[in-house]
Amino acid sequence: AQSVTQLDSQVPVFEEAPVELRCNYSSSVSVYLFWYVQYPNQGLQLLLKYLSGSTLVKGINGFEAEFNKSQTSFHLRKPSVHISDTAEYFCAVSGGGSNYKLTFGKGTLLTVNP
Amino acid sequence: DGGITQSPKYLFRKEGQNVTLSCEQNLNHDAMYWYRQDPGQGLRLIYYSQIVNDFQKGDIAEGYSVSREKKESFPLTVTSAQKNPTAFYLCASSQDRTTEAFFGQGTRLTVV
């Protein structure tokens, strides 16, 4: 069975500081990994995804994530955050083989303070 | 415009009644999903479907049922067996396992 663990439920940071949101996954097969963002009172939007190849993937709004197979991690980073980055961030894993199951973590609320 | 439509946005039901939430997509996607979102719980998968006339249980399927008779439609029924049905329900679709999942605007169900 696949699962996703987001290690921090809330991350407060000051504007222009760097941030890392942590995600670990478990699966018995190769998986595809995603980060989504949900702004207040809006739907979910894809930030970036890892399918294969380079372990460092770049997404929208200056976010990037690094896939680490040995540590089963897919942490999201941004070198300098803005007030507008305040939102909830979800890590997700899609099953390998022919399995279309898409499992999300519990989310991390990023709050950027002035 | 292509997208996913969930209706209604708000739904109220009395305890003990079954209720069906609608989800329609015009993106020609093969896969469709139902999630429940509760504060602090993230998105929990209820059911998913990879193809018409086939669906799989997710992590919290008890008390829910679905059908996939048409590619564009994936309705969710919340039955009276669901012990805590009040929640925000999200429907999503994707072309396959590697592509972005698109979400509807959600249905907030309140059972009184």
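The values are calculated or read from the model by the stated rules, or taken from the named source; none is laboratory data. Everything quoted here is computed from the prediction, not taken from an experiment. Because the Cβ atoms are built from the backbone with ideal geometry, glycine has one as well, and the counts that use them run over all protein chains shown.
The table below gives the values:
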read-out	value
Conditions (1) away from chain B (no Cβ under 14 Å); (2) farther than 15 Å from A:Gln10 by Cα; number of the one not met by A:Thr111	(2)
Strands (runs of 3 or more DSSP E) within region A:17-114 that include 2 or more residues surrounded by 15 or more Cβ atoms within 10 Å (Cβ to Cβ)	A:19-21, A:23-26, A:32-38, A:44-50, A:64-68, A:73-78, A:87-94, A:102-104, A:108-113
Residue among A:Ser52, A:Ser84 that alone is away from every other protein chain (no Cβ under 14 Å), of a type in the set (Ser, Thr, Tyr) and out of contact with any strand residue (DSSP E or B) (no Cβ under 7 Å at 6 or more places or on another chain)	A:Ser84
Residue in region B:35-46 that is more than 16 Å from A:Val93 (Cα to Cα), more than 8 Å from chain A (Cβ to nearest Cβ) and not in a strand (DSSP E or B) present	yes
Residue count for region B:68-105, restricted to those that are farther than 16 Å from B:Ile51 by Cβ, within 13 Å of the chain's Cα centre (by Cα), surrounded by fewer than 21 Cβ atoms within 10 Å (Cβ to Cβ) and within 14 Å of another protein chain (Cβ to nearest Cβ)	3
Test: residue in region A:88-103 that is away from chain B (no Cβ under 14 Å) and either without any contact (Cβ under 8 Å) to a residue 40 or more places away in the chain or among the aliphatic types (A, V, I, L, M) (or both)	no
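Yes/no matrix, rows are residues, columns are (1) closer than 21 Å to B:Phe102 by Cα; (2) at pLDDT below 95:
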{"residue": "A:Val4", "(1), (2)": "yes, yes"}
{"residue": "A:Phe14", "(1), (2)": "no, no"}
{"residue": "A:Val19", "(1), (2)": "no, no"}
{"residue": "A:Ser27", "(1), (2)": "no, yes"}
{"residue": "A:Val31", "(1), (2)": "yes, yes"}
{"residue": "A:Leu44", "(1), (2)": "yes, yes"}
{"residue": "A:Lys58", "(1), (2)": "yes, no"}
{"residue": "A:Thr72", "(1), (2)": "no, yes"}
{"residue": "A:Lys78", "(1), (2)": "no, no"}
